[in-house]
Protein chains: 2
Amino acid sequence: MTTTTAELDALADAAAAAAPVWREADAATRASWLRAAADALDAHIDELVAIADEETRLGETRLRGEVGRTTGQLRLFATAVEEGSYLELTVDDADPSAVPPRPELRRTLTGVGPVAVFSASNFPFAFSVAGGDTASALAAGNPVIVKAHSGHPRLSQRTAAVVAEALTSAGAPEGSLGLVEGREAGNALVQHPLIQAAGFTGSVGGGRALFDLASGRPDPIPFYGELGSVNPVVITAAALAARGEVLAEGLVASFTLGVGQFCTKPGVVFVPADAGFEQLVAAAVAGAKGGALLTDRITAGFPEGIAHLEADPSVAIIARGEDGIGAQPVVLTTDAASVAARPETLLEECFGPVTLLVRYSSDDELLAALRAVPGSLTGTIHSEAGDDVNAVLAVLERKVGRVLFAGWPTGVAVTWSQHHGGPWPATTSLHTSVGVTAVRRFLRPVVFQDAPAHLLPPQLRDEELARLPHRRNGVLRVP
Amino acid sequence: MTTTTAELDALADAAAAAAPVWREADAATRASWLRAAADALDAHIDELVAIADEETRLGETRLRGEVGRTTGQLRLFATAVEEGSYLELTVDDADPSAVPPRPELRRTLTGVGPVAVFSASNFPFAFSVAGGDTASALAAGNPVIVKAHSGHPRLSQRTAAVVAEALTSAGAPEGSLGLVEGREAGNALVQHPLIQAAGFTGSVGGGRALFDLASGRPDPIPFYGELGSVNPVVITAAALAARGEVLAEGLVASFTLGVGQFCTKPGVVFVPADAGFEQLVAAAVAGAKGGALLTDRITAGFPEGIAHLEADPSVAIIARGEDGIGAQPVVLTTDAASVAARPETLLEECFGPVTLLVRYSSDDELLAALRAVPGSLTGTIHSEAGDDVNAVLAVLERKVGRVLFAGWPTGVAVTWSQHHGGPWPATTSLHTSVGVTAVRRFLRPVVFQDAPAHLLPPQLRDEELARLPHRRNGVLRVP
């Protein structure tokens, strides 16, 4: 099903009409709307998970957990709206004695207006209709129009219906959440004059095309895309010697989780040469299950991606997981010199349960290969207390948005401090779709100079200002 | 003079080499570098102002004031670096009891890397080599390469030499501040692989071309441009009746300030029809001086812009200022219905001492015309206590970044709360080149998961964290 131009226009008009209501809703009201959406998802979890499982084959356990993450996100953003720091309230009192005299300035952030959200194949809840982009756009005070993912159309429709109904029942205006379907409608959405910003999670190709449309508008809009990531992991010789088997099992569990379809999947692992890690991984992967991939396109792309890697003379397949329905886990190897020489070939993200072990024989070899790694969401270091990993860390932290120690990158805690982003092609922007600062992407500053108090937005009037975190004359104050 | 490709590469390499030093410098050190730059500008003010006056004809008084603003900006950013909020330090402690167990996450902002800054014709100091973009990029911990404006090449060279020398004398690395000249070098600069972000102040045409180059890179970078703004002003009938003469004099002083070459010049003024404001403005402008415009291009563009407006059948020239050297101040009129019908013609920014009075006969006419106004830096309301300006304010605050009451938009206080921005075409981005949050444009988040304390950036270790504003487990804390 494809949304027509007239249908999109109607949705956009409704969103534009709803925008002032969202923007001007007080914190308690807006937070209650977010919580109503979360409560409705919880109330419909059985029905929604059943549809999601039919469409994505991700399994009930994973999908129930993902609903929990999704409702948790909505509730965390509700808390952030109530806490009020996200408004970045800043007041400088007038100073008539300054030369020139300084006026009173009162600054707040305010919603940008209707936001387009493109849902992801691999997270039918947490990065889709009611996912992090939608939750943060609503929290910032903006209606949302979601482009449904073709991999889960019925779930998209049903989720949108459940959430839209919950929002209006809680008192939010019609037009708070719309849904469009079809690639052409998605392209039209990001170019629609009433849309003020877009959030996206998906492939480099799809994200780049939409980024170019957003940037190419007569009035460019910000396009916050999360595209592709190989998530480099570095294992030191000491870590391997101390806990090789545990690391091999951890790696296999992480790269096969969700049938290797997480954006934070460890796709390239730098390991000391000739230290036996390949054998440990081979043993660990032997019993690992694959599974059905999300869509026909991803199913077709998986063997193509492996064939593309295998065509490189340095690459060998060293182990496979259990043969069963769908994609079989695969472990490949190459060497650091080849990675440094041919990063475009060897460091392209391959969606699905595959990882590439990269042998290094010296720190110099390791660093040269690491420098060739493209921007990623995460970078992981497994080291021991005696290791000097400063040089590795210095390279990694320029490449990624999250640096992990002694863990695995899959599993992204949704918290105040979380950052899900990284240099291109991990993301198109400095900001993130996970963690509380995601709201900032959908806010713009406005400052009021010498305004009569009754014309100020309520949060900028002295009495409400005093109840919220704010900065006055340069001093940050917490009530 | 044009910078060659080899010269640009050398500057970019030097900036990239300097980047880690800037990024890792502690707050006191980085602040001292900014203050050293400010001190050096003060020490060389006579020499610099003399060159600037020869090249821009802006006059000594204005130029000395602008140096003061420029050094004030550098010192304000130094204060902000020391205060530390700009790092947005956020820590969530580990929670092993959570399902799944939550790791420790520590988040900071960090410099993006070398920044390109395009200087402006109309602010040879405050928006040029050592202006707001440069100051905020340095404060964020990034080296800068400036594209000199062709309107003041000698000043650009000399300012860059003074500041670069001050920085290195204060201990900053070579490569902290570079300078390129020539349009081709500017285009190459924004596309250079080592450049991570760009700041720009200039025309819509020039800004759009550079924005497209930045967005079209294989790895797009953020382009923070301030382009064009007509800065609408609304005068109510009551305000006009109460203080018409003062308003006319204030308007003339504001639109002729700096020979009408401020980005915040009031370019379009909505006035009650048949209430005598035109006559008051005509009287006020009669004695107003024009002056030489900044560049040959602006000099040629001024009569072209007026002719373009005058070609509209609704437009009449109603008054002119003194005839003298350079551009003569001009006041035009039209009506609100024509503005609503032909905004592309009537609401195009015209650089120089010209303003357009727009007669309105009803609130509906006023609101319809206001809705046609393009995004602007500022919007101004002159009203009396009894006026209901809510509808006007609701339209204006969606169009502009700063709403003023009972003042004039020229003159931009540099403070914590200031915002210099607005929807396209006022700016290409949500952020601003004036005010402390300008630093955020040149920072990116990085989060450390379960990192050993000695591998964390110092500001994320418990002892230093406690001395800085930070959020821990959701609670904002000020030391």
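Give me a count of the residues in segment A:451-478 that are under 17 Å from B:Phe405 (Cβ atoms) and part of a loop (DSSP other than H, G, I, E, B).
5
Find all pairs meeting these conditions: Cβ atoms under 8 angstrom apart; at least six residues apart or on different chains; first residue within segment B:392-408 and closer than 18 Å to B:Leu227 by Cα and facing chain A (nearest Cβ under 7 Å); second residue charged (D, E, K, R) and buried (at least 22 other Cβ atoms within 10 Å of the Cβ).
Close Cβ pairs satisfying both conditions: B:Gly401/A:Arg444.
I want to confirm something. Restricting to segment A:242-253 and keeping residues that are among the hydrophobic types (A, V, I, L, M, F, W, C) and in contact (Cβ under 8 Å) with a residue 40 or more places away in the chain, which single residue is nearest to the other protein chains (Cβ to nearest Cβ)?
A:Ala253
Can you tell me which residue is farthest from the other protein chains (Cβ to nearest Cβ) among those in segment A:423-479 that are under 22 Å from B:His419 (Cβ atoms) and of a type in the set (Lys, Arg)?
A:Arg461
If you go through segment A:77-88, how many residues are facing chain B (nearest Cβ under 9 Å) and aliphatic (A, V, I, L, M)?
Kept after step one, since they are facing chain B (nearest Cβ under 9 Å), are these residues of segment A:77-88: A:79-80, A:83, A:85, A:88.
When the remaining residues are screened for being aliphatic (A, V, I, L, M), the result is A:80.
The qualifying residues number 1.
Answer yes or no: is there a residue in segment A:461-469 that is under 31 Å from the mean Cα position of the chain (by Cα) and more than 25 Å from B:Leu76 (Cβ to Cβ).
First, pick out the residues of segment A:461-469 that are under 31 Å from the mean Cα position of the chain (by Cα): A:468-469.
Narrowing the set further to residues that are more than 25 Å from B:Leu76 (Cβ to Cβ) leaves none.
No, segment A:461-469 has no match at all.
What residue, among those in segment A:218-232 that are away from chain B (no Cβ under 13 Å) and not acidic (Asp, Glu), is nearest to the chain's Cα centre (by Cα)? Spell out the reasoning first.
If we filter segment A:218-232 for residues that are away from chain B (no Cβ under 13 Å), which is where we start, we get A:226, A:229-230, A:232.
Now narrow it down to the ones that are not acidic (Asp, Glu): A:229-230, A:232.
Details: A:Ser229: 11, A:Val230: 15, A:Pro232: 18 Å.
So, considering only residues that are away from chain B (no Cβ under 13 Å) and not acidic (Asp, Glu), the one nearest to the chain's Cα centre (by Cα) is A:Ser229.
What residue, among those in segment B:192-208 that are over 15 Å from B:Lys147 (Cα atoms) and in a helix (DSSP H, G or I), is farthest from the other protein chains (Cβ to nearest Cβ)?
Ranking the qualifying residues of segment B:192-208, first place goes to B:Gly205.
Specify the residue that is nearest to B:Ala340 (Cα to Cα); the eligible residues are those in segment B:306-328 that are under 29 Å from the mean Cα position of the chain (by Cα) and buried (at least 18 other Cβ atoms within 10 Å of the Cβ).
Among those residues, the one meeting the criterion is B:Leu309.
Give me the strands (runs of 3 or more DSSP E) completely within segment B:95-177, filtered to those with at least 3 residues that are within 13 Å of another protein chain (Cβ to nearest Cβ) and either buried (at least 24 other Cβ atoms within 10 Å of the Cβ) or touching a residue at least 40 places away in the same chain (Cβ under 8 Å) (or both), ordered by residue number. Don't jump to the end; show me each part of the working.
On the way: elements: B:105-111, B:115-118, B:144-147.
Once the strands (runs of 3 or more DSSP E) in segment B:95-177 are filtered for at least 3 residues that are within 13 Å of another protein chain (Cβ to nearest Cβ) and either buried (at least 24 other Cβ atoms within 10 Å of the Cβ) or touching a residue at least 40 places away in the same chain (Cβ under 8 Å) (or both), what remains is B:105-111.
For A:Ser215, are the conditions met, namely being surrounded by fewer than 23 Cβ atoms within 10 Å (Cβ to Cβ), in the same structural domain as A:Ala137 (by TED's automatic domain parsing) and within 18 Å of the chain's Cα centre (by Cα)? Outline the logic, then answer.
Numbers: surrounded by fewer than 23 Cβ atoms within 10 Å (Cβ to Cβ): yes; in the same structural domain as A:Ala137 (by TED's automatic domain parsing): yes; within 18 Å of the chain's Cα centre (by Cα): no.
So A:Ser215 does not fit the description; no.
Take segment A:374-391 and flag every residue that is surrounded by fewer than 23 Cβ atoms within 10 Å (Cβ to Cβ) and touching a residue at least 12 places away in the same chain (Cβ under 8 Å). Lay out the reasoning, then the answer.
Let us first name the residues in segment A:374-391 that are surrounded by fewer than 23 Cβ atoms within 10 Å (Cβ to Cβ), namely A:374-375, A:383-391.
Of everything in segment A:374-391, those that are surrounded by fewer than 23 Cβ atoms within 10 Å (Cβ to Cβ) and touching a residue at least 12 places away in the same chain (Cβ under 8 Å) turn out to be A:Pro374, A:Gly375, A:Ser383, A:Glu384, A:Gly386, A:Asp387, A:Val389, A:Ala391.
Identify the single condition in (1) within 14 Å of chain A (Cβ to nearest Cβ); (2) more than 28 Å from A:Pro100 (Cα to Cα) that B:Thr380 does not satisfy, given that it satisfies every other one.
So the condition that B:Thr380 fails would be (2).
Is there any pair linking a residue in segment A:11-24 that is in the same structural domain as A:Arg440 (by TED's automatic domain parsing) to one that is at pLDDT 95 or above and assigned to a helix (DSSP H, G or I), with Cβ under 8 Å and at least six apart or on different chains, and which?
A:Pro20/B:Ala394; A:Trp22/A:Arg30; A:Trp22/A:Leu138
How about segment A:139-155: which of its residues are out of contact with any strand residue (DSSP E or B) (no Cβ under 6 Å at 6 or more places or on another chain) and either within 21 Å of A:Pro20 (Cα to Cα) or of a type in the set (Ser, Thr, Tyr) (or both)? Reasoning before the result, please.
From segment A:139-155, those out of contact with any strand residue (DSSP E or B) (no Cβ under 6 Å at 6 or more places or on another chain) are A:139, A:143, A:149-155; that's our starting set.
Within segment A:139-155, A:Ala139, A:Pro143, A:Ser150 qualify.
Filter segment B:250-274 for residues that are touching a Lys or Arg at 6+ places or on another chain (Cβ under 9 Å) and of a type in the set (A, V, I, L, M) and give the result.
B:Leu257, B:Val259, B:Val271, B:Ala273
The values are calculated or read from the model by the stated rules, or taken from the named source; none is laboratory data. The structure presented is a predicted model; accordingly, all values stated were derived computationally and were not measured. No Cβ is skipped: glycine too gets one built from the backbone with ideal geometry, and neighbour counts run over all protein chains shown.
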